[in-house]
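A short write-up of the structure that comes next.
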Amino acid sequence: MAQTRFSISRLGLALAAALLLAACGSRPEDVTRTDELPQIYPDYVGVTVPSTIAPLNFCMADEDVTTIDVEVRGSKAGQLHANGAYADFDIDEWHSLLAQNRGGELRLTVCAEKEGRWTQYREFAVAVSNDDLGEWGVTYRRIPPSYEIYSMMGLYQRDLSSFSETELLVNTRTPDQCLNCHTANRTNPDQWVFHVRGSHGATVIQTGGRVELLQARNDTLGGSMVYPYWHPSGRYCAFSTNKTSQMFHTTKKNKRIEVYDASSDVFVYDVERHTILRDSLTMKALWAENTPAFSPDGRWLYFTTALRQVYPTDYDKEMYSICRVAFDAATGRLGSQVDTLVNTRLTGKSASWPRLSYDGRYLMYTQTDYGYFTIWHPEADLWLMDTATGETRPMDEVNSRRAESFHNWSANSRWFLFTSRCEDGLYTRLYFAHFADGKAAKPFLLPQRNPRDYYRRLMHSYNTPDFTSRPVEMDARRMAERIESGERVATKTE
Amino acid sequence: MTIRNVTKEYWPLMLTGAFGIAVFCFWLLYRPHLMLAREEMQLFLWNTDYLSERLLIPGGLAQYLGEFVVQFFLNPLSGALCYALILTAVQLLGWYIIDARRRYCILSFIVPCLLWWMACNPDIPMTPVIAVVLTMALMALLKRRTAVTQAVLLLAVPVGYWLLGPAVVLLALVPFVCWHAKPLKASLPMSVGIALLTALCVLVSSRLSPYPLRQLARGVDYYWESQMHSTLEEMRYDMLMRTQDWEEISALYDARPSQSLAVRNAVLVAKLNRHEISQVDVLQGLVLSKEALRSIASAFLMSELSMQIGMVNIAQRTAFEAMEAIPNYNKSARALRRLVETNIVTGQYEVALKYIALLEQTLFYRDWARRMKRMADNPDEIKNHKIYQQMKELYDNGTDTFFH
């Protein structure tokens with residue numbers, strides 16, 4: 001009996017060992033060395049990451065590679081190993097290694113097996129920044145890159161130290177409703193707003209511990225509250241109101257859709273008084289004001305404006321300038337003078353989505369040949385203005401030949417995120433970059449456990465992302481019930 | 001044994017056979033377009049993620065198996081055979097469950113006829129049909145009343161609910177139909193208990209899955225609420241357009257003119273291919289506005305006819321719209337196939353490769369996807385493809401205008 005037990009346990013051990021070996025894949029042998037850098041997906045070669053980021057799992061870009069073997073050594077201490085179809089790092093060991101090498105770098109040596117032959121590539125580094133990310137994660141909308149009809153979409157949040165993504169609200173709970181940009185106040189999850197479009201439309205605002213569902217449409221305003229940006233005090237939120245249309249190209253190279261506004265204006269919403277504060281400076285006839293943003297000190301309201309054009313004939317002449325006007329938080333009133341910061345008459349281009357770093361030092365915006373719906377413009381690039389000197393420059397460190405678009409800063413202004421279609425030209429992905437001394441490091445793609453498999457299967461684009469300092473607390477079921485109900489708070493206009 | 005004796009002895013089985021043949025002929029001859037329309041509203045992938053995604057929602061197994069069957073509808077012959085086998089099996093199961101004497105075997109045709117009727121409704125997917133079939137199979141397994149089957153019956157309700165959806169409420173019939181309990185009122189508590197347990201499962205599932213209670217109560221994928229209902233007429237024209245049966249399209253329209261803008265567009269293209277009108281006539285007569293996309297079938301029809309006349313961006317847009325309009329949020333293998341073509345013609349090879357990678361995981365699109373992968377990897381090969389090369393030249397050299 002004892003003999004039998006021993007045999008069974010040995011058999012079990014042998015089986016376990018065999019399984020372990022199978023799981024690990026094969027080990028490098030008869031390795032050929034090359035001086036080339038490995039072509040990996042995602043391209044993490046030479047990126048700079050925060051010390052709390054999730055494991056940068058990757059695979060070889062060449063799909064004929066069957067196994068990769070990755071040795072990671074910290075410049076200060078520690079090492080890590082991964083072997084398999086893709087590099088799948090143990091999450092605890094990864095975080096331990098990052099913590100040990102904060103301010104240093106990870107050096108990765110990649111061996112790849114293809115058709116039974118192993119090749120070892122030149123070592124590359126991943127810098128581990130001394131700068132904290134200072135954020136728990138990100139929020140974003142996931143939506144198919146569709147034309148007019150949309151199917152499943154949702155608002156999500158993602159822990160940046162792991163691969164955990166959770167639903168904030170998915171439209172399966174609220175059938176036929178379109179869920180728009182979730183926007184927090186300076187990455188604070190206690191104060192946010194998002195818009196619901198459809199038969200149960202609403203503008204949902206959480207502030208001061210309570211959630212309100214505002215009427216989707218204000219008749220005096222003649223539209224709904226579309227692109228939001230919070231005033232740092234939390235009392236106000238600037239919005240644009242847009243009458244949006246779209247038309248489709250028949251043979252324009254690399255362009256499918258042109259989204260434009262028949263009209264648009266910018267206004268400030270007083271959260272406490274449920275009042276829309278209108279001002280003729282940001283609601284001019286014949287002009288399209290759009291994409292508002294407050295300065296971090298709350299004293300300025302930035303927005304874009306363009307002379308309205310005739311569509312479709314002059315669609316490529318609608319060009320937006322970036323302007324700002326003083327804002328008095330005590331009265332909720334705008335100043336009397338508008339400054340033009342990026343002038344389309346001088347640049348010959350269209351500028352949109354101004355976002356000031358929270359330290360107020362830089363203004364990041366998107367530049368295109370025309371229009372403001374930048375995600376459908378392959379020429380869309382991120383640009384940076386130094387607010388101290390007024391100088392602007394393209395952010396070549398992060399731009400690609402395809403659309404770079406919606407961007408936001410971390411609260412400490414040391415990191416920013418943006419969406420890009422650089423991968424395939426259609427499905428927007430989320431990138432992060434370190435920012436110091438006016439320059440951005442090479443950006444890195446939002447990590448996933450099995451990145452190639454995940455992004456290949458994902459039929460959604462990442463949309464309107466932002467950092468969040470803590471997880472957003474939202475009871476999706478309760479929220480859906482409230483959206484489905486007729487409960488709405490009326491808004492007034494002044 | 002004389003024919004009369006054989007008939008007398010085996011008439012129930014002969015009736016079953018006749019029923020199966022009738023089902024087969026009906027689908028093959030009268031509703032092949034409905035089967036094709038069902039097939040184009042899904043992308044059945046042979047991977048574990050696809051299965052696990054479905055198992056996360058109540059009724060997910062029934063949906064998965066339903067979609068497994070529907071992939072065979074791409075070929076109407078195999079689709080009709082599937083329907084015939086399923087509905088015949090339901091009849092035999094029903095006969096076994098009610099344990100009827102031969103003269104009552106006709107009763108066992110009630111459920112399959114009901115399911116047949118359901119299958120003819122484009123708004124009812126395959127999921128409830130499969131759910132009912134599997135629930136009946138469960139009833140057959142629990143046919144004998146023992147302590148064990150009674151316990152299993154209670155356990156089968158929550159498990160069955162999660163796998164099959166609210167169709168498990170049919171298990172409430174087990175005490176009456178299978179156990180022939182007498183007096184009837186003695187079985188009532190058990191049946192009421194099963195019905196209440198099912199209702200409780202629905203309530204609990206509303207806390208676990210991202211769907212409103214009303215949809216869970218009805219079955220997450222039991223009924224498609226869509227503003228883009230396809231008509232059988234549009235489905236039929238779509239099938240004819242896919243097979244490029246220009247004569248039949250013209251004949252059908254001449255016999256019965258249609259109000260559908262997509263159908264009218266299809267007739268123009270058919271006439272062009274029959275050399276009855278010129279390309280200019282087609283371009284002047286085509287309606288490309290959103291009104292022509294009133295249903296999923298019309299969107300697919302528009303995509304098909306746009307490809308025929310080389311309007312690749314319109315074919316792309318309409319295929320994408322058709323896919324996004326699928327009421328249960330499925331993706332579409334047919335739409336992806338079209339999008340692979342349009343993205344290759346317009347030079348968006350990475351997007352084409354993304355879709356190809358998905359189609360490579362399907363049963364019936366795999367070989368085509370592999371051929372297209374070679375083209376997407378080596379764009380110069382497009383020159384060797386007469387149709388794509390012509391479309392590419394039109395796309396590259398055409399004057400850009402807008403459509404809405």
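Points worth noting:
- Taking amide hydrogens as placed 1.01 Å from N in the peptide plane, the amide H of A:Gly371 sits under 5 Å from those of A:Glu318, A:Met319, A:Tyr320, each at least 5 positions away in sequence or on another chain.
- C-alpha center-to-center spacing [region A:195-220, region B:338-394] in angstrom: 44 Å
- Counted by neighbouring Cβ atoms within 10 Å, the residues A:Glu391, A:Glu289 run from fewest to most as A:Glu391, A:Glu289.
- The residue list A:Val128, A:Thr241, A:Ala77 was ranked by how far each Cα lies along the charge dipole of the protein assembly as shown toward its positive end, using unit charges on Cβ atoms, and A:Thr241 comes out on top.
- Computed from phi, the 3J(HN,Hα) profile of region B:120-130 under the Karplus parametrisation 6.51, -1.76, 1.60 (θ = phi - 60°) reads 7, 8, x, 8, 9, x, 6, 3, x, 4, 5 Hz, with x in place of Gly and Pro.
- Interatomic Cα distance distribution for region A:137-484, bins of 20 angstrom, percent: 32, 63, 5
- Ranked list, fewest to most other Cβ atoms within 10 Å of each Cβ, for B:Phe26, A:Phe58: B:Phe26, A:Phe58
- Centroid-to-centroid, using Cα positions, region A:287-347 and region B:234-258 are 54 Å apart.
- Across region A:177-281 the C-alpha pair distances fall into 5 Å bins from zero in the proportions 2, 11, 21, 23, 17, 11, 7, 5, 2, 1, 0 percent.
- Charge dipole (the protein assembly as shown, unit charges on Cβ, about Cα centre) - positive-most of A:Leu108, B:Pro58, A:Phe89: B:Pro58
- Its Cα centre serving as origin, region B:67-209 has a Cβ charge dipole (Lys and Arg +1, Asp and Glu -1) of approximately 680 debye.
- Over 20 Å between alpha carbons, listed pairs A:Lys317/B:Lys392; A:Lys317/A:Lys349; A:Lys255/A:Lys317; A:Lys255/A:Lys349; A:Lys76/A:Lys442; A:Lys114/B:Lys383: A:Lys317/B:Lys392; A:Lys76/A:Lys442; A:Lys114/B:Lys383
- Using a Förster distance of 41 Å, the FRET efficiency for B:Lys185-B:Leu213 (Cβ separation, nearest 0.05): 0.85
- Whole-Hz ³J(HN,Hα) from phi, Karplus 6.51 cos²θ - 1.76 cosθ + 1.60, for region B:104-119, glycine and proline x: 9, 4, 4, 4, 6, 8, 5, 5, x, 5, 5, 5, 4, 4, 4, 5
- Only one residue of B:Leu232, B:Thr135, B:Trp246 has its Cα farthest out toward the positive end of the dipole of chain B, where Lys and Arg carry +1 and Asp and Glu -1 on Cβ, and that residue is B:Thr135.
- The largest-to-smallest principal axis extents of the Cα set in the protein assembly as shown are 106, 87, 64 Å.
- Annotation for B:Ala147 and A:Ala285: the two label points, set 7 Å from Cα along the Cα-Cβ direction, are 8.9 nm apart.
- Annotation: lysines with alpha-carbon distance below 18 angstrom to B:Lys143 (same-chain offsets under eight excluded): B:Lys182.
- Computed from label points 7 Å out along Cα-Cβ, the spacing between A:Asp297 and B:Arg366 is 6.6 nm.
- On Cα atoms only, tilt of B:261-273 relative to the major axis of chain B in degrees: 50 degrees
- For chain A, the membrane-span-like helix rule (DSSP H, alpha carbon extent of at least 15 Å along the helix axis, mean Kyte-Doolittle at least 0.0) picks out A:2-24; this says nothing about an actual membrane.
- For the residues of B:398-404, the average number of beta carbons from a partner chain within 10 Å of their own beta carbon is 6.
- Chain B: angle of helix B:232-242 to the longest principal axis, Cα-based, in degrees nearest 10: 50 degrees
- Rounded to whole numbers, the Karplus 3J(HN,Hα) couplings from phi for region A:333-342 are 9, 8, x, 9, 10, 9, 9, 9, 9, 10 Hz, using 6.51 cos²θ - 1.76 cosθ + 1.60 with θ = phi - 60°, and x at Gly and Pro.
- Degrees separating the helix B:349-359 axis from the principal Cα axis of chain B, which is the longest one: 20 degrees
No lab work stands behind these numbers, since they all come straight from the coordinates. Everything quoted here is computed from the prediction, not taken from an experiment. Here the Cβ is made from the backbone with ideal geometry for all residues, glycine too, and neighbour counts use every protein chain on show.
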